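**Student:** One structure, as structure tokens, below. Some questions next.
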Amino acid sequence: MSEIADRYRRLSSEFAGRIAAVPDDAWDNPSPCADWSARDVAWHVIETPKLFFGFIGREVTPPGRDVPIPEAFDQMRVRLQDALDDPAVATHEFDGFFGRTTFEQAVDRFVCFDLVVHGWDLAHATGTDERLDPAEVERLATRDLPALGDSIRSPGAFGEAVEAPAGADAQTRLLAYLGRRA
């Protein structure tokens, strides 16, 4: 198993825990993502892997929105984990947004990023535990965001940065950079 497969396993497990913590009456709460509810955030995370499977010529259909969110996430999580655990699939190359890459590198750069940031969005929207893994905060701030560059400000991605409060911790600074107010 690769480091990326292990990272995805850990982050997707954490996201599943965040889904499980959402109170039944909180799914329609507004999220920090413009015009998205907590439900929309969860479905975005469930449906995004389809794009990455498509890059390598594999058809994967996410569960329909009639499937309960915890079950739908688990179905897609298993499919993606199986792909990452298969060396032939994980190392399949394609021309991506940032040049030649592999399936696992693209999942690491985008899907794992989403699991962390949208995990916070989901928690913030639903009043559940918003703490992020400090190692993931550090990784996003020092490795993943610099690699993404200005592309994170493209339409449909992240809004403009907001000013972090004086003396803010690393998580709050990261979220402010991504246009979120903690």
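The values are calculated or read from the model by the stated rules, or taken from the named source; none is laboratory data. Fair warning: this is a prediction, and the values are worked out from it, not measured in the lab. In this analysis, Cβ positions are derived from the backbone assuming ideal geometry, glycine residues included, and neighbour counts consider all displayed protein chains. Ligands, DNA and RNA are stripped out before the accessible areas are found, and what is left, the full protein with its side chains, is counted by its heavy atoms. Shrake-Rupley method; radii C 1.70, N 1.55, O 1.52, S 1.80 Å.
**Student:** Would you check if Asp35 is among the acidic types (Asp, Glu) and modelled with pLDDT under 95?
**Tutor:** yes
**Student:** Assess whether Asp121 counts as being closer than 22 Å to Gly149 by Cβ, crowded, with 20+ Cβ neighbours inside 10 Å and either basic (Lys, Arg) or touching a Lys or Arg at 6+ places or on another chain (Cβ under 7 Å) (or both).
**Tutor:** In short, no.
**Student:** Within region 13-60, can you find the residues that are touching an Asp or Glu at 6+ places or on another chain (Cβ under 9 Å) and polar (S, T, N, Q)?
**Tutor:** Across region 13-60, the qualifying residues are Ser31, Ser37, Thr48.
**Student:** Scan region 68-83 for residues that are open to solvent by 30 Å² or more (accessible area, probe 1.4 Å) and without any contact (Cβ under 8 Å) to a residue 60 or more places away in the chain and jot them down.
**Tutor:** Hits for region 68-83 are Pro68, Pro70, Glu71, Asp74, Gln75, Val78, Arg79, Asp82.
**Student:** Are any of the residues in region 156-169 of a type in the set (Val, Ile, Thr), within 21 Å of Ala123 (Cβ to Cβ) and within 17 Å of the chain's Cα centre (by Cα)?
**Tutor:** Within region 156-169, none of the residues are of a type in the set (Val, Ile, Thr), within 21 Å of Ala123 (Cβ to Cβ) and within 17 Å of the chain's Cα centre (by Cα).
**Student:** Shifting gears a bit: Would you say Asp129 is open to solvent by 70 Å² or more (accessible area, probe 1.4 Å) and touching a strand residue (DSSP E or B) at 6+ places or on another chain (Cβ under 9 Å)?
**Tutor:** Answer is no for this residue.
**Student:** If you go through region 84-103 one residue at a time, how many are of a type in the set (A, V, I, L, M), out of contact with any Asp or Glu (no Cβ under 7 Å at 6 or more places or on another chain) and open to solvent by less than 10 Å² (accessible area, probe 1.4 Å)?
**Tutor:** From region 84-103, those of a type in the set (A, V, I, L, M) are 84, 88-90; that's our starting set.
Among the residues that remain, those that are also out of contact with any Asp or Glu (no Cβ under 7 Å at 6 or more places or on another chain) are: 88-89.
Now narrow it down to the ones that are open to solvent by less than 10 Å² (accessible area, probe 1.4 Å): 89.
Residues that pass the stated criteria total 1.
**Student:** Separate question: Any chance region 1-15 includes a residue that's of a type in the set (A, V, I, L, M, F, W, C), farther than 23 Å from Pro134 by Cβ and open to solvent by 10 Å² or more (accessible area, probe 1.4 Å)?
**Tutor:** Yes - at least one qualifying residue is present in region 1-15.
**Student:** Might you check whether a residue that is in contact (Cβ under 8 Å) with a residue 12 or more places away in the chain, within 16 Å of the chain's Cα centre (by Cα), open to solvent by 50 Å² or more (accessible area, probe 1.4 Å) and under 21 Å from Ala123 (Cα atoms) occurs anywhere in region 50-67?
**Tutor:** Our first condition is that a residue be in contact (Cβ under 8 Å) with a residue 12 or more places away in the chain; within region 50-67, this holds for 50, 52-53, 55-56, 58, 60, 62-63, 65.
Next, only the ones that are within 16 Å of the chain's Cα centre (by Cα) stay: 50, 52-53, 62.
Filter once more, keeping what is open to solvent by 50 Å² or more (accessible area, probe 1.4 Å): 50.
From what's left, under 21 Å from Ala123 (Cα atoms): none.
No: region 50-67 contains no residue that is in contact (Cβ under 8 Å) with a residue 12 or more places away in the chain, within 16 Å of the chain's Cα centre (by Cα), open to solvent by 50 Å² or more (accessible area, probe 1.4 Å) and under 21 Å from Ala123 (Cα atoms).
**Student:** Let me ask something additional. For region 126-162, which residues satisfy the criterion of being farther than 19 Å from Ser12 by Cβ and among the hydrophobic types (A, V, I, L, M, F, W, C)?
**Tutor:** Ala141, Leu145, Ala147, Leu148, Ile152, Ala157, Phe158, Ala161, Val162
**Student:** Checking Ala182 against (1) assigned to a loop (DSSP other than H, G, I, E, B); (2) under 20 Å from Arg18 (Cα atoms); (3) open to solvent by less than 90 Å² (accessible area, probe 1.4 Å); (4) at pLDDT 90 or above: exactly one of these is not met. Which one?
**Tutor:** The single condition Ala182 does not satisfy is (4).
**Student:** Filter region 7-45 down to the residues that are of a type in the set (Asp, Glu) and under 15 Å from the mean Cα position of the chain (by Cα) and list them by number. I'd like the intermediate steps shown before the answer.
**Tutor:** Within region 7-45, the first condition is being of a type in the set (Asp, Glu), and the residues that meet it are 14, 24-25, 28, 35, 40.
Those that are of a type in the set (Asp, Glu) and under 15 Å from the mean Cα position of the chain (by Cα): Glu14, Asp40.
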